[in-house]
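A short worksheet on the structure shown next.
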2 protein chains.
Amino acid sequence: MATRPQLTPLLRRLVRPRTSLSRQSTVQQQLPCHPVRCFSSSRPRLFQTTAVACKGQFTSETYPDIQRDKRFAQLTQEHVAFFRNLLGTDSAIIDGVTSDAADDIEPFNSDWMRKYRGHCKLVLKPGSTDEVSKILKYCNDNMLAVVPQGGNTGLVGGSVPVFDEIVVNMSRMNQIIEFDEVSGTLVAEAGCILEGADHFLASKGYIFPLDLGAKGSCHIGGNLATNAGGLRLLRYGSLHGTVLGIEVVLADGTVVDDLCKLRKNNTGYDLKQLFIGAEGTIGIITKVSIQCPQRSAAQNVAFFGLESFDKVQQAFREAKGQLSEILSAFELMDEGSQALVRQVTNNKRPLEDQYPFYCLIETSGSNADHDSEKLQAFLEDVMEKGVVADGTLAQDETQYRSLWAWREGITEALGHLGGVYKYDVSIPIKELYQLVEDTRARVDAAGLLGDTDEYPVRAVVGYGHMGDGNLHLNVSTRRFDERVEKVLEPFVYEWIAERQGSISAEHGLGLMKKKYIGYSRNPTMVGLMRNIKNTFDPKGILNPYKYL
Amino acid sequence: MATRPQLTPLLRRLVRPRTSLSRQSTVQQQLPCHPVRCFSSSRPRLFQTTAVACKGQFTSETYPDIQRDKRFAQLTQEHVAFFRNLLGTDSAIIDGVTSDAADDIEPFNSDWMRKYRGHCKLVLKPGSTDEVSKILKYCNDNMLAVVPQGGNTGLVGGSVPVFDEIVVNMSRMNQIIEFDEVSGTLVAEAGCILEGADHFLASKGYIFPLDLGAKGSCHIGGNLATNAGGLRLLRYGSLHGTVLGIEVVLADGTVVDDLCKLRKNNTGYDLKQLFIGAEGTIGIITKVSIQCPQRSAAQNVAFFGLESFDKVQQAFREAKGQLSEILSAFELMDEGSQALVRQVTNNKRPLEDQYPFYCLIETSGSNADHDSEKLQAFLEDVMEKGVVADGTLAQDETQYRSLWAWREGITEALGHLGGVYKYDVSIPIKELYQLVEDTRARVDAAGLLGDTDEYPVRAVVGYGHMGDGNLHLNVSTRRFDERVEKVLEPFVYEWIAERQGSISAEHGLGLMKKKYIGYSRNPTMVGLMRNIKNTFDPKGILNPYKYL
């Protein structure tokens, strides 16, 4: 073996990786207390404001072109009486039809960003599949529209009503049903909170094959319904591969028991796949069976600065090759995004100098020494080759969390600075960052981008799950200005469509992107999707006004 | 750390693992030359004979209850003229309608086991998606039934005609279209042979995320159509997770371009999933886009003897925990299966003593030293705990192949001994082997099992992909005896249904299991599947008489 050249200072920082860490963003605690702001806009679809105390505008006002479907019945006392009798307990129903329950219903009517707000007057919380079935049968028979709702953490307005749809909230169906410690198969009710399920699995030495920022609130049923991607996809793959079975209730109340616990089952069309990512438009998922991997004993995080996006791609390729089976995350952040986190948090940056790009690499493996050695060899290699300009490694749990916060804290930091136009897109990796550059140039050319208050746009930044080809393009603004939206749209969608990318990588269509599906799916496919919708929900009562 | 006890002799055999091996069964070369045998039976659905030179019975004779669907037109000279004109070249059509081409058509009419044989008179080999589209449109307009055919390596009669269906063979569409070396995304035509695609990927440092015995003949389009499982599923997951996109032609000739190259794309129902495992009943897959992992630099194989199935489960659990990210196969073989391989091949057994169970463990990783160290620690642990009774490790490529041959050679060895009733089933792991014991006891109680020629059954053995809960139950017979089938069926299917297992883990339904889907899927699901079939192929021209 050739003699290794002198190690750089970076590599001397290498230490034994820590074991059994839990990652958590620490930005929240460090954020200064900004005044709450609400933007008002007639078309605020892509305009994200921070979570605020004030009530948002009604979706029916901000989307005046959406009309209530007159085929749907109005809720009556008689309907409420049926549901009250069915559910038996007062805690399972919030009745704003026969009484004033507006304040109690508000959290179910609005999404967490206060971008979408419905006129729902009845919330039902079934406690069993049988109750879900009876609710839907009755709604289908009586032409009552329904919005299935999990943890209500979505970003695209899919989980709240537009008009007076009944909310069927799954929070009471939150039991772990069984876990097989040999195979790693978990069976649970759809209303289990993701973090709760993961904690349960941790006690068994296993891990839920999905991780995302909203884990403390989101439901696993909702994760399936939206085909959530998140942070572990690079390692464990998508839910289409890990979900073994589901139980789902169709619009007419039919219970489809496909709660298979087997890894292999080639007996007919794999129907469950249709419900993964269907956003509650063809059925309500009531139970989930999923294959869980063993929990890794050791985790490492490294944070790099790189001089160009070409070098980011090189680093990704080397990481895949050299870290191979232990690579569990490869995240990208540009300088713009990091500067904004710094501005908001005032935290010391991980590296001394600034670079156009940063990567966060996480490894998860069964042997801490081996992982450390692999990571060290990788670091030596990429630094020798000049792929990476500088870097640092987490040496303890605090540093591990702190490095992750520079990635996971971006969304929150941007939100605290003002309004944000957010695009969650998939693009072939080699062109991934070009979208940010082209968008920035376009906004700049329109005279909208600058450092001072006269410019509506503060920054155009990019970050995301590099390993999945998933970019979050964020346009941070100082105030609402309709010129910004005109410059951004349909430009961004057209740019993506030209490169056969996806306008929704992991957030779904919901209400926000209903009109834009044509940029990512051809008319033939949309036609087939409509056939599927009509087959499973012929009266169209499930999550109307959205998705297709 | 506690002092390790003295290592057993097994562990002293541990050596540095070899790198970049290709595994191949060597049983074939070592098999004695047995006379070719053909069993005759009126119901030979589950009765597998070895590949033979003689032509098998027609499926229409062995399944007299299946009648040709009179709605389908008979092939005419005019039809042939249309196809000849469309395909342009003589090599793309085998015409048994206007000429005698029986011998040329025979390989397309029969499966490789000669269990199924159709009356097809026309084979078409389109060279492009456009040609597939025009063929299907014409067939749909003229009510001509079609059998899509890949490498024709299936085990359940799905890829050959029953009557005079036109065979659309995909072998001419065999081009690699593109490969992205950063993301690992391969796009290829459906008629690519799996091994060819894997060789191409090997040259790029990648691997096809699927491996199976028929890789030298099977097509990747057929792999998708049958949702093939095979040897790498434990590591890389199912095709539902790794396939990124497909191009498929529907029964009416509509081309569905869902050839997505993105890892994440949440824009509407994931239609491609329906075609994965649909066995050519709702469309013909013409192109495939698939996520390929980096090829591992090092591979190891260990072979163990174990005293009980409880200990096999313990070993599996320990292997998952300790070998974790490098575990790539965990295969199970019982003593009966190994005794038969020994009988046929006369090879020296890997271990000195005999045990009721054997496991083959394979690791694949990026660092040979690390893998070797992990494997050594694992071996020490399971031997200290008394989980494993004895074992051996491959020390070079010859030994690696030789150990794999004791697992991969079972099917072939059994075939050489006579007829075999084969069941490919999924069962929750803790009861996996109970099926073999219960079946053996039942056959024995019926007086059919014994060591001498007076007994029709030679052995009831079990082996399979333990890691996937996938058992191959094989009943080796000396001759056809209808009492055997009566003892086996519906007993086996009922036994599986009671445990919510699957009657088809990875081989599919085809013609063989069409009638038995009810043992693994409830009437609600079968009803929904029929809706899907009617939506995509309303005239029912695609692969009739099979699947549902």
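Filter segment A:293-303 down to residues that are open to solvent by 10 Å² or more (accessible area, probe 1.4 Å) and not in a loop (DSSP other than H, G, I, E, B) and give me whichever is farthest from the other protein chains (Cβ to nearest Cβ). The selected residue is A:GLN299. Taking helices (runs of 4 or more DSSP H) as the structural unit, those lying wholly within segment B:1-112 and holding at least 3 residues that are over 30 Å from B:ASP369 (Cβ atoms) and modelled with pLDDT of 50 or more correspond to B:59-62, B:77-87, B:102-109. The set of residues in segment B:498-525 that are open to solvent by 20 Å² or more (accessible area, probe 1.4 Å) and more than 19 Å from the chain's Cα centre (by Cα) comprises B:GLU498, B:ARG499, B:GLN500, B:LYS515, B:GLY518, B:TYR519, B:ASN522, B:PRO523, B:THR524. One residue alone among B:ASP334, B:ASP371, B:ASP353 is surrounded by fewer than 17 Cβ atoms within 10 Å (Cβ to Cβ) and either within 14 Å of chain A (Cβ to nearest Cβ) or modelled with pLDDT of 95 or more (or both), and that residue is B:ASP353. All conditions but one from (1) farther than 30 Å from A:ALA405 by Cα; (2) of a type in the set (A, V, I, L, M); (3) within 12 Å of chain B (Cβ to nearest Cβ) apply to A:LEU509; the one that does not is (1). Summed over segment B:199-240, the residues that are more than 17 Å from the chain's Cα centre (by Cα), crowded, with 20+ Cβ neighbours inside 10 Å and either of a type outside the set (Ser, Thr, Tyr) or more than 19 Å from B:SER366 (Cα to Cα) (or both) give a count of 2. Looking across segment A:363-376, the residues that are out of contact with any Leu (no Cβ under 8 Å at 6 or more places or on another chain) and not hydrophobic (A, V, I, L, M, F, W, C) come down to A:SER364, A:GLY365, A:ASN367, A:ASP369, A:HIS370, A:ASP371, A:GLU373.
This table checks each residue for (1) at pLDDT below 95; (2) in a loop (DSSP other than H, G, I, E, B); (3) buried (at least 23 other Cβ atoms within 10 Å of the Cβ).
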| residue | (1), (2), (3) |
| --- | --- |
| B:THR392 | yes, no, no |
| B:GLN395 | yes, yes, no |
| B:ARG401 | yes, no, no |
| B:ALA405 | yes, no, yes |
| B:THR411 | yes, no, no |
| B:LEU414 | yes, no, yes |
| B:LYS422 | yes, no, no |
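Among residues of segment A:88-103 that are under 17 Å from A:GLU165 (Cα atoms), those with a beta-carbon under 7 Å from a residue that is surrounded by fewer than 16 Cβ atoms within 10 Å (Cβ to Cβ) at least six positions away or on a different chain give the pairs A:ILE94/A:ASP104; A:GLY96/A:ALA102; A:VAL97/A:GLN77; A:THR98/A:GLN77.
Within segment B:473-497, the set of residues being open to solvent by 20 Å² or more (accessible area, probe 1.4 Å) and within 14 Å of chain A (Cβ to nearest Cβ) comprises B:ALA497 only. Taking the criterion of being surrounded by fewer than 21 Cβ atoms within 10 Å (Cβ to Cβ), more than 7 Å from chain A (Cβ to nearest Cβ) and not β-branched (Val, Ile, Thr), the residues of segment B:246-260 that qualify are B:ASP252, B:GLY253, B:LEU259.
The set of residues in segment B:273-292 being of a type outside the set (S, T, N, Q) and either at the interface with chain A (Cβ under 7 Å from one of its Cβ atoms) or assigned to a loop (DSSP other than H, G, I, E, B) (or both) consists of B:LEU274, B:ILE276, B:GLY277, B:ALA278, B:GLU279, B:GLY280, B:ILE282, B:GLY283, B:CYS292.
For B:LEU323, are the conditions met, namely being at pLDDT below 95 and surrounded by 21 or more Cβ atoms within 10 Å (Cβ to Cβ)? Criteria met by B:LEU323. Pairs under 6 Å by beta carbon, first residue within 15 Å of B:GLN299 (Cβ to Cβ) in segment B:368-379, partner in a helix (DSSP H, G or I), six or more apart or different chains? Cβ pairs passing all conditions: B:HIS370/A:HIS370; B:ASP371/B:ILE326. Quick one: B:ASN522 ticks every box in (1) more than 25 Å from B:HIS465 (Cβ to Cβ); (2) more than 10 Å from every other protein chain (Cβ to nearest Cβ) bar one, so which box is it? Every condition holds for B:ASN522 apart from (2).
Within this structure, A:ASP310 fails the test of being buried (at least 20 other Cβ atoms within 10 Å of the Cβ) and either acidic (Asp, Glu) or touching a His at 6+ places or on another chain (Cβ under 6 Å) (or both).
With respect to the conditions (1) assigned to a loop (DSSP other than H, G, I, E, B); (2) more than 7 Å from chain A (Cβ to nearest Cβ), B:ASP270 falls short on a single one, namely (2).
Yes/no matrix, rows are residues, columns are (1) farther than 30 Å from B:GLY321 by Cα; (2) assigned to a loop (DSSP other than H, G, I, E, B); (3) in the same structural domain as A:LEU144 (by TED's automatic domain parsing); (4) not basic (Lys, Arg):
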{"position": "A:ALA251", "(1), (2), (3), (4)": "yes, yes, no, yes"}
{"position": "A:ASN265", "(1), (2), (3), (4)": "no, yes, no, yes"}
{"position": "A:GLY305", "(1), (2), (3), (4)": "yes, no, no, yes"}
{"position": "A:GLN313", "(1), (2), (3), (4)": "yes, no, no, yes"}
{"position": "A:GLU318", "(1), (2), (3), (4)": "no, no, no, yes"}
{"position": "A:VAL344", "(1), (2), (3), (4)": "yes, no, no, yes"}
{"position": "A:PRO350", "(1), (2), (3), (4)": "yes, yes, no, yes"}
{"position": "A:TYR358", "(1), (2), (3), (4)": "yes, no, no, yes"}
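Within the set of pairs 6+ apart or on separate chains, which have a first residue in segment B:147-171 that is open to solvent by less than 10 Å² (accessible area, probe 1.4 Å), a second that is of a type in the set (Asp, Glu) and part of a loop (DSSP other than H, G, I, E, B), and C-beta atoms under 8 Å apart? Matching pairs, first to second residue: B:VAL147/B:GLU165; B:GLY157/B:ASP111; B:VAL160/B:ASP111. I'd like to check something: does segment A:528-547 contain any residue that is more than 30 Å from B:LYS533 (Cβ to Cβ), within 14 Å of chain B (Cβ to nearest Cβ) and modelled with pLDDT under 95? Taking every residue of segment A:528-547 in turn, none turns out to be more than 30 Å from B:LYS533 (Cβ to Cβ), within 14 Å of chain B (Cβ to nearest Cβ) and modelled with pLDDT under 95. Scoring A:CYS359 on the criteria (1) more than 10 Å from every other protein chain (Cβ to nearest Cβ); (2) surrounded by fewer than 20 Cβ atoms within 10 Å (Cβ to Cβ) leaves a single failure, condition (2).
Anything in segment B:374-390 that is in a loop (DSSP other than H, G, I, E, B) and open to solvent by 10 Å² or more (accessible area, probe 1.4 Å)? List them, or say none. Correct list: B:LYS385, B:GLY386, B:ALA389. Taking the criterion of being surrounded by fewer than 20 Cβ atoms within 10 Å (Cβ to Cβ) and either without any contact (Cβ under 8 Å) to a residue 12 or more places away in the chain or touching a helix residue (DSSP H, G or I) at 6+ places or on another chain (Cβ under 7 Å) (or both), the only residue of segment B:182-198 that qualifies is B:VAL182. Go through the residues of segment B:520-529 one by one and say whether even a single one is of a type in the set (Ser, Thr, Tyr) and touching a helix residue (DSSP H, G or I) at 6+ places or on another chain (Cβ under 6 Å). Within segment B:520-529, none of the residues are of a type in the set (Ser, Thr, Tyr) and touching a helix residue (DSSP H, G or I) at 6+ places or on another chain (Cβ under 6 Å). The residues of segment A:509-548 that are basic (Lys, Arg) and assigned to a helix (DSSP H, G or I), listed by number, are A:LYS514, A:LYS515, A:ARG530, A:LYS533.
The values are calculated or read from the model by the stated rules, or taken from the named source; none is laboratory data. These numbers were taken from a predicted model, which means no experiment stands behind them. Positions of Cβ are backbone-derived with ideal geometry, glycine not excepted, and every protein chain shown enters the neighbour counts. Accessible surface is based on the protein model in full, side chains and every heavy atom, while ligands, DNA and RNA are left aside. Shrake-Rupley method; radii C 1.70, N 1.55, O 1.52, S 1.80 Å.
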